[in-house]
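In what follows, a structure is listed as structure tokens, so that the remarks can point back to it.
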Amino acid sequence: MTDTARGYLYADHAPLVVAIARGLARTLPRSIDVEDLAQIGRIALWQACAGADPERAATFGVYVRQRIRGAMLDAVRGKAYHEALREATAERLDTGQPVPTITNDSHADPFVARAVAALPARQRIVLTSRFAAGMSHAETAAALGVSHGTTRRDEALAIGKLRTRLAACGLKAIETRAADQ
């Protein structure tokens, strides 16, 4: 594809970037800037234009929407977890509540630490956000860029895996808080 054709393709689809960024920003924490999302989307659009096939121009619009949104979500997921924990920590400091810290040695039993560390990354993050940082399901979902239901499912799967591992070693099962159910 020539540079001129790529430029026209980019210009035709550039308004999508801002629209997607604004739509996505409504579901994310306020710490995520719309302009940052838009810049990530512009880069993804330019890369998509560079590899575009002129014979498949009709399907390019569908492809590029997914590519732009995916690039934005990937960028948010990379930094959202840490930002969400920082916000939760700042909120707790403002209200005078104790701020939990998570380290592998913070557990009374080293087996529990190993069991938590063996969980898939997102399940580990959900448990940390929910039980250590005190975030709600909605806050955790927004921080990870996933749905509320996905957060609930990940939490349930993680707790189930921990219960199974702890029961296999004769340790007491993990009890969930009644308010979370």
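Values as computed for the structure displayed
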item: Filter result (of a type in the set (Val, Ile, Thr) and part of a helix (DSSP H, G or I)) within segment 115-151; result: VAL116, ILE125, VAL126, THR128, THR140, THR150, THR151
item: In segment 31-75, residue nearest to the chain's Cα centre (by Cα) [restricted to those that are over 16 Å from LEU144 (Cβ atoms) and not in a helix (DSSP H, G or I)]; result: ASP33
item: Selection count, segment 118-140, where residues are more than 23 Å from ARG163 (Cβ to Cβ) and crowded, with 16+ Cβ neighbours inside 10 Å; result: 1
item: Residues that are free of Cβ contacts under 8 Å to residues at least 40 places away in the same chain and either of a type in the set (Lys, Arg) or buried (at least 16 other Cβ atoms within 10 Å of the Cβ) (or both), drawn from segment 15-35; result: ARG22, ALA25, ARG26, ARG30
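Computed from the coordinates by the stated procedures, all read-outs in this text should not be read as laboratory data. This one's a predicted model, so the numbers in the text were calculated from it and none came from an experiment. Cβ coordinates were reconstructed from backbone atoms using ideal geometry, including for glycine residues, and neighbour counts include every protein chain displayed.
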